[in-house]
Amino acid sequence: MNSLCRAIAATLLLVLTAAPAFAEPREHLVSIQIDQNDPAIMNLVLNNANNIMEYYKSKGETVAIEVVAYGPGLHMMRTDTSPVQERIKRTIDASFPSSIKFSACNNTKEGMEKQEGKAISIVAQAELVPSGAVRLIELQEQGWQYLRP
């Protein structure tokens, strides 16, 4: 009976130590905030996103990234003021197998429209969310990691 217990324990140890090797690669979840109208910060956000995607790709893992723009950072996603529109497109094109999403704060958009007296267009790659700040809160409540460059 003693040798049977040892055999069972050895088998369990083998199964438990081998399990991570057979586990599905996990998906990482990262939200990145942009709240500044600064081309250097906008490029830093995109650099961070690309570096994160490349890192997990090299490990055979995927990552979902959501860039959330609000306040002055909304300029990153405005068709008339964004200095990084082409980089946003390229970042999305290069994201497979990971994914990246761009969210634009509608509260900020409406405030800018009122202040500027004109309609504002958002880049096609971005999705309007009711509130950028609330979107970041919701993502964190769902287990997303938070990054502010």
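The values are calculated or read from the model by the stated rules, or taken from the named source; none is laboratory data. Note that the coordinates shown come from a computational prediction; the quantities given were computed from them, not determined experimentally. Here the Cβ is made from the backbone with ideal geometry for all residues, glycine too, and neighbour counts use every protein chain on show.
Among the residues of the stretch 96-107, is any modelled with pLDDT of 90 or more, more than 23 Å from residue 138 (Cβ to Cβ) and either within 14 Å of the chain's Cα centre (by Cα) or not in a helix (DSSP H, G or I) (or both)?
Looking through the stretch 96-107, none of the residues is modelled with pLDDT of 90 or more, more than 23 Å from residue 138 (Cβ to Cβ) and either within 14 Å of the chain's Cα centre (by Cα) or not in a helix (DSSP H, G or I) (or both).
List pairs: first residue in the stretch 29-43 and buried (at least 20 other Cβ atoms within 10 Å of the Cβ), second residue among the hydroxyl-bearing types (Ser, Thr, Tyr) anywhere in the structure, Cβ distance under 6 angstrom, at least six positions apart or on different chains.
Matching pairs, first to second residue: 31/146; 35/70.
Sort out which residues of the stretch 68-77 are more than 16 Å from residue 137 (Cβ to Cβ) and either surrounded by fewer than 20 Cβ atoms within 10 Å (Cβ to Cβ) or in contact with a helix residue (DSSP H, G or I) (Cβ under 7 Å, 6 or more places away or on another chain) (or both), and write them in order of number.
Of everything in the stretch 68-77, those that are more than 16 Å from residue 137 (Cβ to Cβ) and either surrounded by fewer than 20 Cβ atoms within 10 Å (Cβ to Cβ) or in contact with a helix residue (DSSP H, G or I) (Cβ under 7 Å, 6 or more places away or on another chain) (or both) turn out to be 72, 74, 76.
Read through the list (1) loosely packed, with under 14 Cβ neighbours inside 10 Å; (2) modelled with pLDDT under 95, then give the number of the only condition that residue 62 fails.
Among (1) loosely packed, with under 14 Cβ neighbours inside 10 Å; (2) modelled with pLDDT under 95, the lone unmet condition for residue 62 is (1).
Looking only at the stretch 127-139, how many residues end up being in a helix (DSSP H, G or I), under 20 Å from residue 46 (Cα atoms) and either among the basic types (Lys, Arg) or out of contact with any Gly (no Cβ under 8 Å at 6 or more places or on another chain) (or both)?
4
Looking at the stretch 85-95, which of its residues are assigned to a helix (DSSP H, G or I) and touching a residue at least 40 places away in the same chain (Cβ under 8 Å)?
If the condition is that a residue be assigned to a helix (DSSP H, G or I) and touching a residue at least 40 places away in the same chain (Cβ under 8 Å), then 87, 88, 91 are the ones that fit.
Can you tell me which residue in the stretch 6-59 is farthest from the chain's Cα centre (by Cα), limited to those that are of a type in the set (Gly, Ala, Ser) and modelled with pLDDT of 95 or more? Please lay out each step first, then the result.
Start the filter on the stretch 6-59 by keeping residues that are of a type in the set (Gly, Ala, Ser), which leaves 7, 9-10, 18-19, 21, 23, 31, 40, 49, 58.
When the remaining residues are screened for being modelled with pLDDT of 95 or more, the result is 31, 40, 49.
On the way: 31: 4, 40: 19, 49: 7 Å.
So the residue we want is 40.
Taking the stretch 34-79 on its own, how many of its residues are over 23 Å from residue 110 (Cβ atoms) and in a strand (DSSP E or B)?
Qualifying residue count, the stretch 34-79: 4.
Suppose the filter is at pLDDT 95 or above, basic (Lys, Arg) and more than 19 Å from the chain's Cα centre (by Cα); does residue 118 pass it?
Criteria met by residue 118.
Only one of these is closer than 24 Å to residue 131 by Cβ, of a type in the set (Gly, Ala, Ser) and part of a loop (DSSP other than H, G, I, E, B): 31, 82. Name it.
82
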